Amino acid sequence: SIHSSVYIYMGFALGAFNFWLLPKILTTDEFGLIRILISVCTLLAGLCSLGTQQVITRFFPYYSNDPRGRRNDLLGWAVTIGMAGFLLLILFTLLFKDLFVRKFQGNSPLFVDYFYLIYPFTLFILLFGIYERIAWSTQVTVLSNFLRETGVRLFTLLIVIALRARWINFRS
């Protein structure tokens, strides 16, 4: 638990630094786009999971202590159901893309331009959530806390540095 606490505090410090630095590098619209993408993709990933994360938490002890010695296929089922939910999301967003465009065009035109980024971000958040829940169920919480609290923010810091050094830019 000490290691987890250290990773959580490191993640908090890195997140605060990133949140302070990003508005200095990006325009207000670009910073707003990042915030809305994170919010929308997190919400969509929760919908795409179709409840599999709660199923893992509830039934993992049963599957791991199965007296018949069967192989634990809970992760496989969770990923399969999550991917089915993700495919439904793709179908739904493609069918109703015009509605999304009309809804966001006035207040967030960049979101309309970068609309298709919701797919890789949502997929990443969905799979990360499923694997994190498996890690918590198998009591590998230190690695899970490191990846969620520190790893993501370190990756964000690397992107901020690349933006600041002009190795990448928002338009290319």
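Quick notes on this structure:
- Residue match in the range 140-162 (condition: outside any helix (DSSP H, G or I), modelled with pLDDT under 80 and under 27 Å from Asp73 (Cβ atoms)): yes
- Members of the range 17-50 found to be part of a helix (DSSP H, G or I), more than 19 Å from the chain's Cα centre (by Cα) and surrounded by fewer than 16 Cβ atoms within 10 Å (Cβ to Cβ), listed by number: Phe17, Trp20, Pro23, Lys24, Ile25, Thr28, Asp29
Yes/no matrix, rows are residues, columns are (1) basic (Lys, Arg); (2) within 15 Å of Ser49 (Cα to Cα):
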position: Thr80; (1), (2): no, yes
position: Leu94; (1), (2): no, no
position: Tyr119; (1), (2): no, yes
position: Glu132; (1), (2): no, yes
position: Arg153; (1), (2): yes, no
position: Leu158; (1), (2): no, no
position: Ile161; (1), (2): no, no
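- Test: residue in the range 59-71 that is open to solvent by 90 Å² or more (accessible area, probe 1.4 Å) and either at pLDDT 85 or above or on the phi > 0 side of the Ramachandran plot (or both): no
- All of Ser39, Ser49, Ser4 fail the test of being under 22 Å from Glu132 (Cβ atoms) and modelled with pLDDT under 85, apart from Ser4.
- Single unsatisfied condition, Thr156 versus (1) open to solvent by less than 50 Å² (accessible area, probe 1.4 Å); (2) farther than 19 Å from Leu26 by Cβ: (2)
- Pick from the range 86-108, criterion in a helix (DSSP H, G or I), touching a residue at least 24 places away in the same chain (Cβ under 8 Å) and not β-branched (Val, Ile, Thr), ranking: surrounded by the most Cβ atoms within 10 Å (Cβ to Cβ): Phe86
- Cβ-Cβ under 6 Å pairs, at least 6 apart or on other chains, the range 21-35 side closer than 16 Å to Tyr116 by Cα, far side surrounded by fewer than 16 Cβ atoms within 10 Å (Cβ to Cβ): Glu30/Phe170
The values are calculated or read from the model by the stated rules, or taken from the named source; none is laboratory data. Note that the coordinates shown come from a computational prediction; the quantities given were computed from them, not determined experimentally. Don't worry about glycine lacking a Cβ; one is built from the backbone with ideal geometry, like all the others, and counts go over all protein chains shown. Just so you know, the surface numbers come from the protein's heavy atoms only, side chains and all, with ligands and any DNA or RNA stripped out. Shrake-Rupley method; radii C 1.70, N 1.55, O 1.52, S 1.80 Å.
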